[in-house]
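Below is one structure, written out as structure tokens; comments come after it.
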Amino acid sequence: MTHHLPTTRPASRTRWLVSLLLLLLLAGVWPASANWSVTKIGGRDYVSDENVKDFYRFERFVSSGGDRLFKHPTLIMRWKSGSQSIYINNILFSLSFPIAEQSGHAYISTIDLAKLVDPVLRPSYIKKPIKFNTVIIDPGHGDHDSGAKGVFGWEKNYTLDLSMRLKRELEERGFKTQMTRTTDVFLSLGQRVEFANRHSDAIFISIHFNSSGSRSATGIETYALAPQGTSSTDGSGAWSSFLNGNVRDAENIALATAVHAHVMHELKATDRGIKRARFNVLRGINKPAILFEGGFITNYAEGKKIHTEEYRNELADAIANAVVKFQKAVGR
Ligand SMILES: [Zn+2]
């Protein structure tokens, strides 16, 4: 499997300059300046911390024990040797493979570089990004599929309510919307995928709320489809690594980043990270797609917040703002 490494582009493409709180992309003022030097570690392709620093022209690079810190005026990236997650502007991202240590250097896999770091740092470099004016909103569950039972209510009702609020917020911002359901009906995952694939010029956002046997679990998670050749964040099923990613890998992670970052920033929620999965609902979709988990309804305090209209309005507002930023960031 060849994973193409990020390449440079003519510096003239500076039309998008971004305001992203986190996604900061500055690609135009931040030209790549080095080539990639690929090293095999355990049979897998990796690139070194120094190489990443040079390529993206980070101004400061601090190496201390297993910790690496890359600094640009608007962006800080942190790695830790052996860890399977990294931080970019304090947002937690799950990696497909752990950071490897060799000869005093920390290495990141070329898959994580190409499928996560590059699209997050430079979404404007995504090749042939989708032009979209429509957002397909997918309220999770419905009818006899109630989803999780929360302290104050069922998941299926919260997902539909938040989705209807998101629809209004997006339409106010000039987007068209399509809903997989607008009432309490059952839809299979296949029907949701089929619905999504019928609409062109669109992105797809599936809305869920979380549950845990541990009543103390809280926080927001955002899922993007795991790229080809990798396993899901929970490590489930080595078999899954043989499945395809999707042609929208780069946009998926950029969209997940925009949504997650906006919600973190605007709601000050607990950060459970941007994760990878091969949920059926994401796998078959031929457009940028994410699955958003808006908090734990099984936790008393978080469930109580989610039960209020104000909180659901804030969530809808943050997600809609993120869609606007994503659209700008990919250059449309
Ligand atoms: Zn759910």
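Exactly one residue out of Ser85, Ser63 is in contact (Cβ under 8 Å) with a residue 24 or more places away in the chain and out of contact with any helix residue (DSSP H, G or I) (no Cβ under 9 Å at 6 or more places or on another chain): that is Ser85. Within region 278-332, being in a loop (DSSP other than H, G, I, E, B), over 15 Å from the mean Cα position of the chain (by Cα) and basic (Lys, Arg) holds for one residue alone: Arg332.
Entry remark, region 97-113: residues being surrounded by 21 or more Cβ atoms within 10 Å (Cβ to Cβ), outside any strand (DSSP E or B) and touching a residue at least 60 places away in the same chain (Cβ under 8 Å) number 3 in total. Scanning region 31-60 for residues that are at positive phi and in contact (Cβ under 8 Å) with a residue 40 or more places away in the chain yields a total of 1.
A single entry from Gly245, Gly229, Gly235 fulfils the requirement of being closer than 24 Å to Arg198 by Cβ, at pLDDT below 80 and outside the structural domain of Asn90 (by TED's automatic domain parsing): Gly245. Only one of the listed residues (Thr74, Thr7) is closer than 19 Å to Phe326 by Cα and either under 24 Å from the mean Cα position of the chain (by Cα) or modelled with pLDDT of 95 or more (or both). That residue is Thr74. Of all residues in region 167-187, those satisfying the criterion of being under 14 Å from Ile203 (Cα atoms) and not charged (D, E, K, R) are Leu170, Phe175, Thr177, Gln178, Met179, Thr180.
The values are calculated or read from the model by the stated rules, or taken from the named source; none is laboratory data. Computed from a predicted model, the values in this text were never measured in an experiment. Neighbour counts are summed over all protein chains in view; Cβ atoms, including those assigned to glycine, are modelled from backbone coordinates with ideal geometry.
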